[in-house]
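> This is the structure I want to talk about, given as structure tokens.
Readers should treat all values here as calculations from the given coordinates under stated rules, not as data from a laboratory. The structure presented is a predicted model; accordingly, all values stated were derived computationally and were not measured. As a convention, Cβ positions derive from the backbone with ideal geometry for all residues, glycine included, and neighbour counts pool all protein chains shown.
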């Protein structure tokens, strides 16, 4: 009997060693700033942080298989402005950001960043969170799932041409199903930077150059720079030309402007003190037309 048991244990061990280690898609870290909320126990915020990290990291969001070291590194920074213990409602903002490693370099680059000013939800301490794409009845899980698929979509777009389309469509499905919710962020024409507007623009045919830009910027630009700096910079220049085309195709879209905001310092470092004056002048002109609010930084190139 003991010998038989020993063989079973050995067989299980061999199977576990031979099977590839698989993990979920995200390596997410959540932070909650509740300094604006006075006179309430902090335990609810600590419990919320743990619950959100488990929800983001432990769930299988796609059919893809990620090794542990391939998980997408991302942060969800929540600022709570108001909290009502009587009805378990929270009002706040969310700053979400994801990064990806640059090939051949000891450097990670921001792949997606967005600030949501309407991160409002209901949560009772120790609630267990669940999400079903076909039944959207919880604003908290709907918003989190939306940004999960947004992160995955941007990451996939940076790896292969239009590789994120499937996941952007999942964002759109969430938006469509969330129309019955009363909270802000889901409705058309409410704001040109809300969740509805962002995903509508991402899936608009006129924004195809934007998706080409993402692939060109990362795979043909940044990922090449460790091997050939000039060729990598040429890829970045090509990407910015595509960003210009996307902006011209849909001038009211906030996507090109948002991209230049979270890429501002990186772009400046790529061109400042490098390449020709005429190329830098062209880059500055394009970036200024897309995002004039950052013109003082662009001129510094």
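> How far, in degrees from 0 to 90, does helix 229-249 lean away from the longest principal axis of the Cα atoms of the chain, to the nearest 10?
90 degrees
> Hey, with R₀ at 45 Å, roughly what FRET efficiency would residue 220 and residue 40 work out to, going by the Cβ-Cβ distance, to 0.05?
Result of the calculation: an efficiency of 0.35.
> Sticking with this structure for a sec: Roughly what % antiparallel, to the nearest 5, for the DSSP beta bridges in the chain?
Here the antiparallel bridges make up roughly 75 percent for the chain.
> I'd like the FRET efficiency for residue 124 and residue 278, computed as 1/(1 + (r/R0)^6) with the beta carbon distance as r and R0 of 51 Å, rounded to 0.05.
Details: r = 61 Å, r/R0 = 1.19.
The value I calculate is 0.25.
> OK, next. Pull out a ≥ b ≥ c, the square roots of the eigenvalues of the alpha-carbon gyration tensor of the chain, then state rounded if a/c is under 1.5, prolate if not and a/b is larger than b/c, and oblate in the remaining case.
In terms of gyration-tensor shape, oblate.
> Output the Cα-based Rg and Dmax of the range 195-298 in Å, rounding Rg to one decimal and Dmax to a whole number.
13.4, 40
> Just to confirm the number: angle between the C-alpha axis of helix 2-18 and the first principal axis of the chain, 0 to 90 degrees, nearest 10?
Relative to the chain, helix 2-18 is tipped by roughly 10 degrees.
> Helix 43-58 sits at what angle to the longest principal axis of the chain, using alpha carbons and giving 0 to 90 degrees rounded to 10?
Once rounded, one gets 80 degrees.
> First measure r as the distance between the Cβ atoms of residue 160 and residue 265, then evaluate 1/(1 + (r/R0)^6) with R0 = 22 Å and state the FRET efficiency to the nearest 0.05.
Result of the calculation: an efficiency of 0.25.
> For the range 106-165 and the range 172-189, compute the distance between their C-alpha centroids and round to whole Å.
Comparing the Cα centres of the range 106-165 and the range 172-189, I get a distance of 14 Å.
> Sticking with this one: Please order 274, 196 by the number of other Cβ within 10 Å, starting at the fewest.
274, 196
> Kindly provide log₁₀ I(q)/I(0) values, in the same order as q = 0.13 Å⁻¹, from the Debye equation applied to equal alpha-carbon scatterers of the range 143-223.
-0.40
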